[in-house]
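Beneath this line is the structure, given in structure tokens, with notes to follow.
The values are calculated or read from the model by the stated rules, or taken from the named source; none is laboratory data. Every value quoted in this text rests on a predicted model; they were computed, and no experiment measured them. Virtual Cβ from ideal backbone geometry, glycine too; neighbours counted across all protein chains shown. Keep in mind that these areas ignore ligands, DNA and RNA; they rest on the heavy atoms of the full protein, side chains included. Shrake-Rupley method; radii C 1.70, N 1.55, O 1.52, S 1.80 Å.
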Amino acid sequence: ELIAAGLRDERHLHVHYASCFLADLLTARGALDDADAVLRTAEDLLSGSPDPDHLARVRVRRARLLRLTGSRHAAAAVLARAEEGIDGDCLTMEHVAWLVEKALTAAADGDADAARAWSDRLDALSARTGIRPLPWEARSLDGIAGR
């Protein structure tokens with residue numbers, strides 16, 4: 001309803017954020033097809049957008065869906081494009097999710113060293129900034145050695 005109302009009222013930024021948050025919830029519940037549909041709405045709103053921050057927000061979530069559906073190589077490519085909107089010094093929600101996805105994609109590719117390096121980078125940024133990853137993001141890294 002929030003997304004439909006936002007579209008009706010041309011509140012595209014509200015639709016964008018709501019779509020990303022809803023995609024997170026649907027993904028966590030395992031409703032990947034529904035999450036995909038919601039992300040498509042956000043992607044359609046952003047078509048042609050030059051804003052790398054907004055694009056990163058959607059791309060990180062798209063990469064997560066791709067990884068979860070077994071498309072690791074496509075996920076890695078989307079993560080590479082998302083990096084354009086990731087500020088290496090800040091620890092935003094998107095940066096946390098991006099680091100988690102980089103670690104999980106590396107682990108899925110059998111590259112334990114790279115997975116550990118991405119996980120360590122998240123830990124270092126968290127210690128430096130005082131920003132803790134959300135519990136579900138931290139839990140997703142539990143299987144990576146050294147965590």
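So the values come out like this:
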{"quantity": "Carbon/sulfur fraction of accessible area - the chain, other protein chains in place, 1.4 Å, %", "calculated": "53"}
{"quantity": "Overall dimensions of the chain by Cα: Rg and Dmax, Å", "calculated": "15.1, 48"}
{"quantity": "Net charge of neighbours whose Cβ lies under 10 Å from the Cβ of Ala106, counting Lys and Arg as +1 and Asp and Glu as -1", "calculated": "-1"}
{"quantity": "Around Leu32: net Lys/Arg minus Asp/Glu count, Cβ-Cβ under 14 Å", "calculated": "+2"}
{"quantity": "Radius of gyration and Dmax over the Cα atoms of the stretch 53-128, both given in Å", "calculated": "11.5, 34"}
{"quantity": "Percent RCO, i.e. relative contact order, over the stretch 76-147, from Cα pairs under 8 Å lying at least 6 residues apart", "calculated": "31"}
{"quantity": "Accessible area of Leu32 in the full protein assembly, 1.4 Å probe (Å², nearest 10)", "calculated": "40"}
{"quantity": "Residues of the chain: accessible area per residue with a 1.4 Å probe, Å²", "calculated": "55"}
{"quantity": "FRET efficiency, 1/(1 + (r/R0)^6) with R0 25 Å, evaluated for Ala37 and Asp9 via beta carbons", "calculated": "0.75"}
{"quantity": "Heavy atoms of Thr41: accessible area, 1.4 Å probe, square angstrom to 10", "calculated": "40"}
{"quantity": "Along each principal axis, Cα extent of the stretch 11-69, largest first, Å", "calculated": "30, 21, 14"}
{"quantity": "Simple label model, 7 Å out from Cα along Cβ direction - Thr69 to Glu84, nm", "calculated": "2.2"}
